[in-house]
Amino acid sequence: MPTPSQNRQLSNNDTFRFECHSRLECFTKCCKNADMYLYPYDIIRMKQKLNMPSDRFLDEHTVSAFRDNPFFPNVMLKMSDDNKKSCPFLTPDGCSVYEDRPFSCRTYPVERAVARYKKGKGEEKETCWFLAKHTYCLGHGEAKEWTVHQWVENQQIKEYNDMNDLWVGLDTIFRSNPWGDRGTNSPALKMAFMACFNVDSLKKFIFDSTFLSRFTIPKERIDQIRESDTELMKFGFDWVKLFLTNSGPLTSEQ
């Protein structure tokens, strides 16, 4: 997706005008030649929509590369091979995975920034909102008016924000190069990537090995990760945090 030409901060009570629909000349232009990051929860929602395992989704629909974090690869959506580099889920009628579209698609034109800081023994966070505006996007000229709260509710963004906040905690750890002298060649990096992005492989690893015997995990949580990909993802985050920093809610058997 091209860089926004304008970006202004919004308070919770500020309003902005925006609406996207098929009558606009720019309809689906943002779905072409997009450099779109995918987060772990994006992959869960999309692979469920497509009814495919996460390893196959990663193989067919993503590319990984070291981008803004030199110590952990980013996952991006793979565009089609057509001359417009269209999103693979774009159809003449629009997005075929719209109900489970990725966070970056879902939140536009509102962007969220979170500042974290220490307070006592805990951590506080402060959320800021920005309005992104691309010159080609005609949706900004529509009459429909929103507040940030209305937009977040209408686009069902809160669950994505909650899941992405968990991911940011891990991303912060990765940026400190927890792999030691082996750097990005560390086997621990491959395990962390699997735990974060490939929940179906993580599930096999947990339930088809001696994994569970090595940790103190309540039966209720075991049942949750067996039934829910989202709970499995959150468990994977906790496990990565444990083996990289020896912290978090998981405890290993001594």
- Note on the structure: Flagged in the stretch 61-81 as touching an Asp or Glu at 6+ places or on another chain (Cβ under 9 Å) and of a type in the set (V, I, T), in numbering order, are V75
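Checking the conditions here, which among R175, R214 is over 30 Å from V63 (Cα atoms), outside the structural domain of L24 (by TED's automatic domain parsing), surrounded by fewer than 17 Cβ atoms within 10 Å (Cβ to Cβ) and touching a residue at least 24 places away in the same chain (Cβ under 8 Å)? Break it down stepwise before answering.
Working: R175 fails: over 30 Å from V63 (Cα atoms).
After ruling out the rest, the residue left standing is R214.
Picking from D93, D59, which residue would you name as being acidic (D, E) and over 18 Å from the mean Cα position of the chain (by Cα)?
Numbers: D59 fails: over 18 Å from the mean Cα position of the chain (by Cα).
Every option except D93 fails the conditions.
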- Message: Condition first: surrounded by 15 or more Cβ atoms within 10 Å (Cβ to Cβ) and of a type outside the set (F, W, Y). Now tell me which residues in the stretch 97-115 satisfy that.
- Response: V97, D100, R101, P102, S104, C105, R106, T107, P109, V110, E111, R112
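Out of the stretch 64-94, which residues are of a type in the set (A, V, I, L, M) and in contact (Cβ under 8 Å) with a residue 40 or more places away in the chain?
Here is the first cut: in the stretch 64-94, the ones of a type in the set (A, V, I, L, M) are 65, 75-77, 79, 90.
Hits for the stretch 64-94 are V75, M76, L77, M79, L90.
Looking only at the stretch 46-76, which residues are of a type in the set (D, E, K, R) and within 17 Å of D100 (Cα to Cα)?
First pass over the stretch 46-76, keeping only residues of a type in the set (D, E, K, R): 47, 49, 55-56, 59-60, 67-68.
K47, K49 - these are the residues of the stretch 46-76 that are of a type in the set (D, E, K, R) and within 17 Å of D100 (Cα to Cα).
The values are calculated or read from the model by the stated rules, or taken from the named source; none is laboratory data. All of these numbers come straight from a predicted model, not from anything done at the bench. We place every Cβ from the backbone using ideal geometry, glycine too, and count neighbours over all the protein chains shown.
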